[in-house]
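First up is the structure itself, then whatever we jot down about it.
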Amino acid sequence: MRVAMLSVHSSPIGPLGAEDTGGMSVYIRQLALQLVQHGVSVDIFTRKTSEPSEPIVVLSPTVRLIRIVAGPCAPMPKASQAAIVSAFADNVAAFAQRAGLRYALIHAHYWISGLVGLRLRSLWSAPLAMTFHTVGALKLRWPNAASVPAERLSSEVLLGQTSDRVFATTTAERADLQALWGLPAASVRIAPGGVDLAHFQPSDKSTARRVLGLPGEGRLLLAVGRFVPVKGLEMLAHAFRSAHGDSDVRLYVVGDDPKATAIGKRLLDVAQTDLMAGRLVLPGRVAHADLPRWYNAADCVVVPSYHESFGLVALESLACGTPVLAARTGCMPECITSAAHGTLFRPGDVSDLASTLANWRPPQTDQQQVRGAVASRGWSSAAEHLHGLYEALCSD
Ligand code: UDP
């Protein structure tokens, strides 16, 4: 089976932590790589954003990233990319024709890719599966949501109702999408994310702190996320200040370069106040390869998001044996099911978050028990499940 994955606005090999490169990139890359176990090869099509750049990047013997010219070969705001949908689709179709390739299935990620997918479906007569990652109409329910372009809202209704299959990543998202677009249960399936269980492993906390140059003593909280409003990082800084204003607890917020974003700059301002000096620390972006050490150095990881469509960071932390204090959103309620795994609080509720931070104590459980929360959520299981969904769709 050969699958065309569409990831127009975000390259799955871009730097993680940047505004448009996060969990979706990890999801696409990992699933594409793992699908080899089921005889599936994948071409991932993304927009060419720089000149020069290799037109084709071989990620494995069965997975290629193909850069398609559509619009300027330069970064382009996500909001204006609907304008390049037809050029993108035409150039993907031309590529496939030149190479003599036929795709059994199109799997589009995010609504802009979905619009490309609709065009390719009519050219190729291949079924279209749609993973939204976020949906505008649901985003408007977040307490701090910015406005959503009308074109996105109407395109998502069209895609929800006309794709051959919609993939949600959690049971909650599935229920939301069914209710939103009046979809029958059979047309929305769950294709969850996963975690690299070999990469994210428990290790010795003191060693991790020493190697990272972090203080050996005192409680250490960690947050990992892109510096965008939905991640709730400013709310976390305020809750932390009220919960631990006079203690020796430290909070490290890893993600983007703090000086490069408005949120980062405001967090830096808080970090430079007398009360927070040396206790709210912003180390910048951390390479995915180095993140296990950070999770292992922390006593707990905090996920303060107003909304998560899935929430890979929580899975990565749990896989390292580090409990998670998380807003009740995305996969969090599915994974955090006992006090050993962590605690849930109301999304967007700063006082619930502050009291969670103030009351939480490290549990008397070993790292393996915490890891148990995600032991069955490796990427190979996620890919096996996705393959079943692909087969069902192709045989419909
Ligand atoms: N990430 C990273 N380095 C950073 C910040 C984030 O490698 O400095 C990775 C993180 O490990 C996770 C992904 O980016 O795999 C973020 O995924 P998540 O689902 O938590 O959030 P999203 O970006 O999808 O909103």
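The values are calculated or read from the model by the stated rules, or taken from the named source; none is laboratory data. Keep in mind the model is a prediction, meaning the values are calculated, not measured. Note that each Cβ is placed from the backbone with ideal geometry, even for glycine, and that neighbours are counted across all protein chains shown. We work out accessible area using only protein heavy atoms, side chains counted, and drop any ligands, DNA or RNA first. Shrake-Rupley method; radii C 1.70, N 1.55, O 1.52, S 1.80 Å.
Counting only heavy atoms of protein chains, what accessible area per residue, in Å², does region 196-335 have with a probe of 1.4 Å? Don't jump to the answer; show the numbers that get you there.
Numbers: 5080 Å² over 140 residues.
Here the per-residue accessible area is 36 Å².
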**Item:** Debye intensity ratio in log₁₀ form over the Cα atoms of region 230-274, taken at each q of 0.21 Å⁻¹
**Value:** -0.71
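Per residue, what accessible area does region 33-176 have, given a 1.4 Å probe and all protein chains present, in Å²? Provide the component values of the computation, followed by the final result.
Details: 6170 Å² over 144 residues.
Heavy-atom accessible area per residue stands at 43 Å².
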**Asked** Which value in nm describes the separation of the simple spin-label points at ASP352 and LEU101, placed 7 Å from the Cα toward the beta carbon?
**Response** 4.5
**Request:** Ignoring everything but the protein chains, give the 1.4 Å probe accessible area of LEU140 in square angstrom, nearest 10.
**Result:** 90
**Item:** Gaussian network model of the chain, Cα within-10 Å springs - most flexible of ASP269, ASP349, ASP43
**Value:** ASP269
**Prompt:** Can you give the convex hull volume of the alpha carbon atoms of region 348-396 per residue, in Å³?
**Reply:** 118
**Asked** Given C-alpha coordinates of the chain, what is the ratio Rg to Rh with the Kirkwood estimate of Rh?
**Response** 0.97
**Request:** Give the angle, between 0 and 90 degrees and rounded to the nearest 10, that separates the Cα long axis of helix 23-34 from the longest principal axis of the Cα atoms of the chain.
**Result:** 60
**Message:** As an exercise, use a Förster radius of 30 Å and the Cβ-Cβ distance of ARG210 and ILE13 to find the FRET efficiency, rounded to the nearest 0.05.
**Reply:** 0.40
**Asked** Each label point is 7 Å from the Cα along the Cα-to-Cβ direction; what then is the distance between the points at GLU51 and ALA150, in nm?
**Response** 3.5
**Fill in**
For the chain, averaging the sequence separation of alpha carbon pairs under 8 Å that lie six or more residues apart and dividing by its residue count, the contact order in percent is 15
**Prompt:** What is the log10 of I(q)/I(0) for region 139-179, computed with the Debye formula using one identical point scatterer on each Cα and no solvent, at q = 0.24, 0.30 Å⁻¹?
**Reply:** -0.99, -1.10
**Request:** Report the accessible area of ASP274, computed with a 1.4 Å probe over the heavy atoms of all protein chains in place, in Å² rounded to the nearest 10.
**Result:** 150
**Asked** Considering only THR207, VAL188, ALA223, whose Cα is most displaced toward the positive end of the charge dipole of region 98-248, charges sitting on Cβ of Lys, Arg (+1) and Asp, Glu (-1)?
**Response** VAL188
**Complete:** The convex hull of the Cα atoms of region 163-231, divided by residue count, gives a volume in Å³ per residue of 170
**Prompt:** Given +1 on the Cβ of Lys and Arg, -1 on the Cβ of Asp and Glu, and no further charges, what dipole in debye does the chain carry about its Cα centre, rounded to the nearest 20?
**Reply:** 380
**Prompt:** Taking θ as phi - 60°, what are the ³J(HN,Hα) couplings along region 212-225 by the Karplus curve (6.51, -1.76, 1.60), each to the nearest whole Hz, with x for Gly and Pro?
**Reply:** 7, x, 9, x, x, 9, x, 6, 10, 9, 9, 10, 10, x
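Assigning unit charges at the beta carbon (Lys, Arg +1; Asp, Glu -1) and nothing else, what dipole magnitude in debye, to the nearest 20, does region 163-267 show about its Cα centre? Let's see the in-between values first.
Details: 14 positive and 11 negative charges, 34 e Å.
The calculation lands at about 160 debye.
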**Complete:** Scoring only Lys, Arg, Asp and Glu (+1, +1, -1, -1) among other residues with Cβ under 12 Å from the Cβ of LEU268 yields -1
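Per the helix-only calculation at 222 nm, which mean residue ellipticity applies to the chain, given -39500 (n - 2.57) for every DSSP H run of n ≥ 4 and division by its residues, nearest 500 deg cm²/dmol?
On the way: 15 runs with 149 residues, N = 396.
About -11000 deg cm²/dmol.
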**Message:** What are the extents of the Cα atoms of region 116-158 along their three principal axes, in Å, largest first?
**Reply:** 41, 17, 12
**Asked** Which entries of LYS205/LYS259; LYS78/LYS231; LYS48/LYS139; LYS78/LYS265; LYS205/LYS265; LYS231/LYS259 show an alpha-carbon separation above 25 angstrom in the structure shown?
**Response** LYS205/LYS259; LYS48/LYS139; LYS205/LYS265
**Message:** Between ARG361, ARG226, ARG377, where does the largest GNM mean-square fluctuation fall for the chain, given springs only between Cα atoms within less than 10 Å?
**Reply:** ARG361
**Asked** Of GLU54, GLU173, GLU391, which has the most accessible area and how do the rest follow, probe 1.4 Å?
**Response** GLU54, GLU391, GLU173
**Asked** Hey, any idea what % of the chain's accessible area is carbon plus sulfur with a 1.4 Å probe?
**Response** 51
**Asked** Considering every Cα-Cα pair within region 248-395, what fraction, in whole percent, is farther apart than 28 Å?
**Response** 25
**Prompt:** Which whole-number percent gives the relative contact order of region 1-108, counting Cα pairs below 8 Å spaced six or more residues apart?
**Reply:** 32
**Message:** If I model a spin label at HIS238 and ASP257 as a point 7 Å from the Cα along the Cα→Cβ vector, what separation in nanometres do I get?
**Reply:** 2.8
**Prompt:** If you find the alpha carbon centre of region 282-296 and of region 321-396, how far apart are they in angstrom?
**Reply:** 19
**Item:** Percent of Cα pairs exceeding the 18 Å cut-off, where the set is region 18-97
**Value:** 49
